[in-house]
Amino acid sequence: KHLIDDGYELVITHGNGPQVGNALLRTELTADQAPILPLGYCVADIEGGMGYMIQQSLQNALYNENSEREVVSFISQTKVDREDPAINKPSKYIGQSYTYDKANKYMDKYKWEMKEQEPGTWRRVVSSPSPLYIFNGKSIKHLVDFGTIVIAGGGGGIPAYNLIDGTLEGLDGVIDKDMTAALLGRIIKAQELFIITDVDNIYLNFKTDSQEIIDNATAFDLESWLKEGHFWRGSMEPKIRAALYFLKYHGKKVVITSINNIEKAIQNKAGTRIQ
């Protein structure tokens, strides 16, 4: 609401990890009655469902503000390189946790890759290649320029690559949602990227006695802190890398903060601002 009130042209992306995990669980629980659904289909299904929920919520909010702005959701396919080394090195944990015996059962039955995440706890791992291109990017930019609020790139989008004949083939993998958001920002030539997470700011020495809050930073600062290992790989590091990518292409400012701080962050009174 605060962004809309301030006249921003908006593209919204979102994560979908827990929802896709639940979709996979549903297919496992009904495996004796219906075929297991491919991961790519589950990602598309959840992207559509979450897009619908966000779209309707925004439409209702806009209606209450007497705004005539429209909201559109895209089922986004994201192009990856079929030679990306990450495709043959599954590393992203998804879905439920299993015992060793059950993990072996699924590896034999469905040819899943499984790894031990913690002692005695096994989970499915899939590839997570880098996003190269978002299909329908020109259409998204056209709608944004027209004033439409667009929901796209949910969950990082559905990974797909070109076969030798040029046709598309889906990939059972996942794409980092933060990097897809940064790539989408490049496509539409966005100037600001708001990364909404569960902390109010980024920190150095996070969760230690020497923890330091960061209000303002530059891209150079982030690169230095990355090299020093200040950002956790599974949480803040992907957001920092996405911020650096965004600032490299057209982007002027990145804000990292929590949902409750958006209004103050727009006013430069909260969150971490990176330029």
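The values are calculated or read from the model by the stated rules, or taken from the named source; none is laboratory data. Computed from a predicted model, the values in this text were never measured in an experiment. FYI the Cβ positions are ideal-geometry reconstructions off the backbone, even for glycines, and counts take in every protein chain you see. Each accessible area value is taken on the protein alone, full model and side chains, heavy atoms only, with ligands, DNA and RNA left out. Shrake-Rupley method; radii C 1.70, N 1.55, O 1.52, S 1.80 Å.
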Filter result for the condition that a residue is within 17 Å of the chain's Cα centre (by Cα) and assigned to a helix (DSSP H, G or I), over ILE75, ILE46, ILE4: ILE46
Matching residues, the range 139-155, being over 16 Å from ASP176 (Cα atoms) and in contact with a strand residue (DSSP E or B) (Cβ under 8 Å, 6 or more places away or on another chain): ILE140, LEU143, VAL144, THR148, ILE149, VAL150, ILE151
Residues within the range 115-162 that are in contact with a helix residue (DSSP H, G or I) (Cβ under 9 Å, 6 or more places away or on another chain), open to solvent by less than 40 Å² (accessible area, probe 1.4 Å) and either among the charged types (D, E, K, R) or on the phi > 0 side of the Ramachandran plot (or both), tallied: 5
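What's the total number of residues in the range 26-85 that are closer than 20 Å to ILE158 by Cβ and charged (D, E, K, R)?
Residues in the range 26-85 being closer than 20 Å to ILE158 by Cβ and charged (D, E, K, R): 8 in total.
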Odd one out for ALA217 among (1) surrounded by fewer than 19 Cβ atoms within 10 Å (Cβ to Cβ); (2) over 19 Å from the mean Cα position of the chain (by Cα): (1)
Residue list for the range 171-193, restricted to those being open to solvent by 30 Å² or more (accessible area, probe 1.4 Å), under 16 Å from PRO159 (Cα atoms) and either touching a Pro at 6+ places or on another chain (Cβ under 7 Å) or of a type in the set (Asp, Glu) (or both): ASP172, ASP176, MET179
Scope the range 246-273; condition crowded, with 19+ Cβ neighbours inside 10 Å, under 18 Å from ASP176 (Cβ atoms) and of a type outside the set (Gly, Ala, Ser); matching residues: PHE246, LEU247, VAL254, ILE256
Any pair with Cβ under 8 angstrom, 6 or more apart, that starts in the range 50-74 at a residue that is touching a residue at least 24 places away in the same chain (Cβ under 8 Å) and ends at one that is open to solvent by 100 Å² or more (accessible area, probe 1.4 Å): ALA61/LYS1; LEU62/GLU68; GLU65/LYS1; SER73/TYR52
Residues that are under 22 Å from TYR93 (Cα atoms), surrounded by fewer than 18 Cβ atoms within 10 Å (Cβ to Cβ) and over 16 Å from the mean Cα position of the chain (by Cα), drawn from the range 7-23: ASN22
Considering residues of the range 82-114 that are open to solvent by 100 Å² or more (accessible area, probe 1.4 Å) and of a type outside the set (D, E, K, R) only, the residue nearest to ILE175 (Cα to Cα): ASN88
Unmet criterion (only one of (1) open to solvent by 50 Å² or more (accessible area, probe 1.4 Å); (2) in a helix (DSSP H, G or I)) for ASN66: (2)
Pairs with Cβ under 9 Å, 6+ apart, first in the range 194-205 and open to solvent by 30 Å² or more (accessible area, probe 1.4 Å), second of a type in the set (Asp, Glu): TYR203/GLU212; ASN205/GLU212
